[in-house]
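None of the figures in this text is laboratory data; all of them are computed from the coordinates on show. Remember, predicted model here, so these are calculated numbers, not experimental data. Positions of Cβ are generated from backbone atoms using ideal geometry, with glycine treated the same way; all protein chains shown enter the neighbour counts.
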Amino acid sequence: MLPEPDADWPRARSAVLRDAIAIGAATGAYALSFGAVATATGLSVLQTCVLSLVMFTGASQYALVGVLGAGGGGLTAAATAVLLGSRNALYGLRLSSLLQLRGLHRPLAAHLVIDESTAMSLGHESDRANRLGFWATGASVYVLWNVGTLIGALGTQALPSPRAVGLDAAAPAAFLALLAPRVRGRAAVTVAVAAALVATACVPLLPVGGPVLVVAMLAIVIGAARRTSSEVR
Amino acid sequence: MWAAVLLGSAGCYLLKLAGLSVPRRILASPRVRRVAEILPIALLSALIALQTLSTGMRLGVDARAAGVAAALLAVLARAPFLVVVGVAVLTTALIRLAH
């Protein structure tokens, strides 16, 4: 029984690598819009590229740029990005037993923990293929995400006025596309609708960036409290 | 802006590293898991509302709202990411052009 998975390995490996490149190309394409939105918001090309190189988690990058673009402070923007990145910690938890990291591999792997690489570390026939799925997808997305960001950032510099070409609608549309696959079931819909209402209601009352933090606090308190009531059962 | 870029990046990286390093039982607590599940949904939804309807501390409906509404239709039609963003940008631009 043992040699069998290995006999299939070349085929499994090329399938994983093919998927990794396809996912990298797709995310690279939306890095174009990130690069464009970020520079349209007023970040320099260098700042935009540093975000993709160092932060490297799409939703957080969009959030940071979105809060800054709306006139929010740097601390609020950073806090929003970090809160949105909290799911990566959970992904890491799931990944650590699969990847069996030692030494310098751990900080390196941590950098590649994102939605796409985590998704590709699940569901293959062997752990070996799952591990390859993680590393190959992480690497492929990293390279193409950064190439896409640079091209998008340079592209907008050639534009006359980002607002005139509608680029201020790009970030909320991108969030919508990121949100859609997460909203499954009544509870998730309720969370999404309530968050939008609370945030909107807070706009005239709080400085820019405040509404997002109010929503985050509420989500944390309600999320933690809800669990206590269902633990009783 | 550099402060936001660097602080945010450092925070996001530390969260990733924490997930790979922290003992399983802390992050595996159902409470933490539940928060991590609803936080992105709440934040994304709040950001969509804010960036569509607010300018500074003022609320209002402008060309962006039409663009995001068009994006919603694209999402419901299961359009790929770039198409969703493209539809929003194009709709917003066309409405501004018409005015």
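Couple of notes before you dig in:
- The A:M217 and B:L14 beta-carbon pair, evaluated with R₀ = 22 Å, returns a calculated FRET efficiency of approximately 0.60.
- Helical contribution to [θ] at 222 nm, DSSP H n ≥ 4, -39,500 (n - 2.57), averaged over the protein assembly as shown, rounded to 500: -25000 deg cm²/dmol
- Helix runs (DSSP H) in chain B reaching 15 Å along axis by Cα, Kyte-Doolittle at least 1.6: B:63-76, B:81-98
- With Cα atoms, 0 to 90° folded angle of helix A:210-231 axis to chain A main axis: 50 degrees
- Label point distance in nm, B:L59-B:A3, each placed 7 Å from Cα along Cα→Cβ: 3.0 nm
- Contact order relative to length of segment A:3-165, as percent, for alpha carbon pairs under 8 angstrom and 6 or more apart: 43 percent
- Here the simple spin-label model places points 7 Å from the Cα toward Cβ, and for A:L154 and A:L75 these points are separated by 3.8 nm.
- Dipole of the protein assembly as shown, positive end: most advanced residue of A:L154, B:G56, B:A98 [Cβ charges, Cα centre]: B:G56
- Its Cα centre serving as origin, chain A has a Cβ charge dipole (Lys and Arg +1, Asp and Glu -1) of approximately 420 debye.
- Rounded if a/c under 1.5, otherwise prolate or oblate - segment A:1-133, Cα gyration tensor axes: prolate
- Taking A:I220, A:I21, A:I151 in turn, the Gaussian network model of chain A (Cα-Cα springs below 10 Å) assigns the largest fluctuation to A:I220.
- Scanning residues 5 or more positions from B:T55 or on other chains, those with amide H under 5 Å from its amide H are B:G60, with H placed 1.01 Å from N in the peptide plane.
- Helix A:74-84 axis, angle to chain A major axis (alpha carbon atoms, nearest 10°): 40 degrees
- Convex hull volume of the C-alpha atoms in chain B, normalised per residue: 165 Å³.
- Candidates B:R25, B:R64, B:R78, ranked by Gaussian network fluctuation over chain B, Cα under 10 Å, top entry: B:R25
- Highest-MSF residue in chain A out of A:T57, A:T190, A:T27 [GNM, Cα springs under 10 Å]: A:T190
- Normalised contact order of chain B, rounded percent, pairs of Cα under 8 Å and 6 or more residues apart: 17 percent
- Principal-axis tilt of helix A:186-202 within chain A, Cα atoms, nearest 10 degrees: 30 degrees
- Label-point separation, A:S126 to A:V183 (7 Å along Cα→Cβ), nm: 4.2 nm
- As computed over chain A, the Cα convex hull volume per residue (Å³): 163 Å³
- Pairwise FRET efficiency - A:A7 versus B:A98, Cβ, R0 = 41 Å, nearest 0.05: 0.05
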